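First up is the structure itself, then whatever we jot down about it.
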Amino acid sequence: MANTAQTRKRARQAEATRQRNASLKSALRTAVKKVKKAIATGDKAAATNTLRESQAVIDRIADKRIVHKNLASRTKSRLVQAIKALP
C-alpha cells in the first residue's frame with residue numbers, strides 16, 4: 001500500500017481515472033452494438049441513423065485518447081461497409 005500522502009493521492013487519482021476510462025470504453029462498445037443490432041434487422045435507414053449517432057460517441061472517445069484514433073476509424077469504417085452491404 002502507498003506510504004506517503006503523495007502516493008495515496010496518486011492511487012486515488014489512478015482509480016478514478018481507471019473507472020472513467022472503463023465507463024467510456026463501455027459506452028463505445030454499446031454504441032457499436034447498437035449499430036450492429038440495427039444492421040441485423042436489415043433496415044438500412046435505421047442503421048444509418050444509428051451509425052450517425054454512434055459516430056459522435058466513437059469520435060469523442062478517440063479525441064480523449066481512451067482508444068487510439070485508428071481503432072475508432074477502423075470501427076467506423078467497418079460499420080459503414082456493413083451498412084453499404086445491406087440490400
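Laboratory data are not the source of any read-out in this text; all were calculated from the coordinates shown. This structure is a prediction, so every number in the text was calculated from the model and none was measured. All Cβ positions, even for glycine, are placed from backbone atoms using ideal geometry, and neighbour counts span all protein chains on display.
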* Restricting the search to region 26-56, which residues are within 20 Å of H68 (Cα to Cα) and among the acidic types (D, E)? -> E53
* From the list T41, T50, which one is surrounded by 14 or more Cβ atoms within 10 Å (Cβ to Cβ) and free of Cβ contacts under 8 Å to residues at least 24 places away in the same chain? -> T50
* To do: Would you check if there is a residue in region 32-53 being more than 24 Å from K84 (Cβ to Cβ), of a type in the set (D, E, K, R) and part of a helix (DSSP H, G or I)?
  => no
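Does L28 qualify as being part of a helix (DSSP H, G or I) and free of Cβ contacts under 8 Å to residues at least 60 places away in the same chain? Give the derivation first.
Values: part of a helix (DSSP H, G or I): yes; free of Cβ contacts under 8 Å to residues at least 60 places away in the same chain: yes.
When the stated conditions are applied, L28 passes them.
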* Unique residue being in contact (Cβ under 8 Å) with a residue 40 or more places away in the chain and not aliphatic (A, V, I, L, M) when the list is K76, K69, K36 -> K36
* **Inter-residue pairs, beta-carbon under 6 Å, first farther than 15 Å from R65 by Cα and in region 11-25, second surrounded by 10 or more Cβ atoms within 10 Å (Cβ to Cβ) and not polar (S, T, N, Q), 6+ apart** => A11/A2
* Are any residues in region 53-76 out of contact with any helix residue (DSSP H, G or I) (no Cβ under 8 Å at 6 or more places or on another chain) and under 17 Å from A38 (Cβ atoms), and if so, which ones? -> A56
